[in-house]
Amino acid sequence: MKTRIILIVHFLILTFLTLNAQDKKYNGYINDTHVHLRYESESPYRDGRTALPKDLIRNYNQSKYKRVGVIVMAPTNNIEKTKAQNDSVIAFCKRHSKFYPICSVHPNDEKLALDEIERLAKLGVKFLKLHSITQDFDVASSNVSSIVQKCTENKMIILFDGLNPFDPAQNGKFLMLALQNPESRMIIAHMGGADFHDFAILIALNKLKWFPQNIWFDLSGISDIYADSPYEDQIVWTCRKIGIEHILYGSDFPYTTPEDAITDTQNLGFTDDELSKIFYENSEKLFNSFKK
Ligand SMILES: [Zn+2]
């Protein structure tokens, strides 16, 4: 009888501890810094999921979402379509206040792209997206450098897609861009994906006075790829060494649902305090860091 009581008490304590540990998962405000808006109903995904305006509104209707960055991608050699898309996402975000626009230009549009950045800045746009694979450019090209300079002059933050298995030197090119444009602010999406280890070099660079600490990383995609994998500890370690203050949450919707991306990020192994920074505080600071 006595043994049975001891066993029951042990079971109750274990249950309490387990429930308490689950409760400790971050449950506060969320800024999603990486969400796509596509006006086409044709989906590139096998399960047919879309990113139409109604999909965004439905997926982000909960009050925990405070800011949601909405991305459009500029085509090449079509400045009229580029401008129309940018105007559409700006109008969408004006109608739905928790969303903010992440506009785009194509680096190969050269002067037209630079003029578009100035126009966007005057409209209050704070973020610009560039994507080396889908827009087919080299991060080391002079056109990209001009875009970074123009964005910096206009106090705009650049969100670079950070996945490019076709250019193994791309992460080094990002570091060079950051170094050549110390006043710029860049976010490298997906933290370089499978090459996330490259950014451990920041452990050394950040010790040097001349290296500007002007790169942030979002965990979109990488949290999905490496969820429940042996790499989770390595990602958390790298983020801590780089500086948790420079890590942002993103879902890459519709690539993942917001709920799946949140769960994957929570399960990587960060502390509750770190999750609070990643999900909300860091992006709030970055959002307000360029005073206009
Ligand atoms: Zn994306």
- Task: For the range 202-217, state whether one or more residues are surrounded by 23 or more Cβ atoms within 10 Å (Cβ to Cβ), within 16 Å of the ligand (Cβ to nearest atom) and under 17 Å from the mean Cα position of the chain (by Cα).
- Result: yes
- Among Lys122, Lys81, the single one that is without any contact (Cβ under 8 Å) to a residue 12 or more places away in the chain, of a type in the set (Lys, Arg) and over 25 Å from Lys291 (Cα atoms) is Lys81
- Query: Identify, please: which residue in the range 270-290 is part of a loop (DSSP other than H, G, I, E, B) and at pLDDT 95 or above and is, among those, surrounded by the most Cβ atoms within 10 Å (Cβ to Cβ)?
  - Reply: Phe270
- Taking the range 113-136 and keeping residues within 16 Å of the ligand (Cβ to nearest atom), more than 19 Å from Leu179 (Cβ to Cβ), of a type in the set (A, V, I, L, M, F, W, C) and in contact with a strand residue (DSSP E or B) (Cβ under 9 Å, 6 or more places away or on another chain) leaves Phe127, Leu128
- Message: Can you find a residue that is within 16 Å of the ligand (Cβ to nearest atom), touching a strand residue (DSSP E or B) at 6+ places or on another chain (Cβ under 9 Å), of a type in the set (A, V, I, L, M) and closer than 19 Å to Lys285 by Cα anywhere in the range 163-186?
- Response: yes
- Message: If Cys103 satisfies all but one of (1) closer than 30 Å to Lys54 by Cβ; (2) in contact with a Pro (Cβ under 8 Å, 6 or more places away or on another chain); (3) not small (Gly, Ala, Ser), what's the number of the condition it fails?
- Response: (2)
- If you check every pair at least six apart or on different chains, which have Cβ atoms under 6 Å apart with a residue in the range 163-181 that is outside any loop (DSSP other than H, G, I, E, B) first and a residue that is modelled with pLDDT under 95 and not charged (D, E, K, R) second? Gln170/Asn164; Asn171/Gly192
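The values are calculated or read from the model by the stated rules, or taken from the named source; none is laboratory data. Note that this is a predicted model, so its numbers are computed, not measured. Neighbour counts run over all protein chains shown; Cβ positions are idealised from the backbone, glycine included.
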